[in-house]
Amino acid sequence: MTRLEHIGIAVREPAAVAELLERLLGIEQYKTEEVLSEGVRTHFLDAGGAKLELLEALNDSSPVARFLERRGEGVHHLAFEVDDVADTIRRGRELGLVPLSEEPIPGADGKHVAFFHPKSTHGVLIEVCESIHRDEAGPREAG
């Protein structure tokens, strides 16, 4: 069953954004994690039925750094939990979508992930993700 898993938001100062959301809405940050392969530090906040993922660039070559340079802070992607990321990549290709990777890759929060290019999804970067079972997770690049 597909569901909205999180909304990714590119930010320059995650602590300031997290503080604002907590003071304004009572939404609290509960986890920070680095995904070194993507050059990003993620800050997760519980927003009730879905999570907010504040994305902080760790270096200038990070996709998030490039996004911030081109567009500034704001919504970066929508992430949907799916049963099978590899199958969703295949179905997306059949629909003419452009995946950013040919296979699922390790992501934050114990997930395998894949993204579809916004030029093929009406301007929205779409992430699909599935939970990695603990016995399959193995070593991670997260901190």
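The values are calculated or read from the model by the stated rules, or taken from the named source; none is laboratory data. As the structure is a computational prediction, the values presented were derived from the model and not from experiment. With ligands, DNA and RNA removed, areas are computed over all heavy atoms of the protein, side chains included. Shrake-Rupley method; radii C 1.70, N 1.55, O 1.52, S 1.80 Å.
So for the range 3-143, Kirkwood radius off the Cα pairs, Stokes-Einstein at 25 °C and 0.890 mPa s: how many µm² s⁻¹? Before the final figure, lay out each step's value.
Working: Rh = 15.5 Å.
The Stokes-Einstein estimate is 158 µm²/s.
With an 8 Å Cα cut-off and a minimum separation of 6 or more residues, compute the relative contact order for the chain in percent. Walk me through the numbers before you get to the answer.
On the way: 287 pairs, mean separation 35.1, N = 143.
Relative contact order of the chain: 25 percent.
Arg41 exposes around 60 Å² of accessible area when a 1.4 Å probe is run over every protein chain in place. Taking Cα atoms only, the orientation of helix 85-94 departs from the longest principal axis of the chain by about 60 degrees. Alpha-carbon geometry of the range 1-67: the Rg and the Dmax are 12.2, 37 Å, given in that order. Within straight-line reach of Lys111, meaning a Cα separation under 21 Å, sit the following lysines at least 8 residues removed in sequence or on another chain: Lys31, Lys51. Element breakdown for the range 32-97 at a 1.4 angstrom probe: carbon and sulfur atoms account for 48% of the accessible area. Computed with a 1.4 Å probe over protein heavy atoms only, the accessible surface of the range 1-58 comes to 54 Å² per residue. For the chain, the mean residue ellipticity at 222 nm estimated from helices alone is -7000 deg cm²/dmol, where every DSSP H run of n ≥ 4 contributes -39500 (n - 2.57) and the total is divided by all residues, rounded to the nearest 500.
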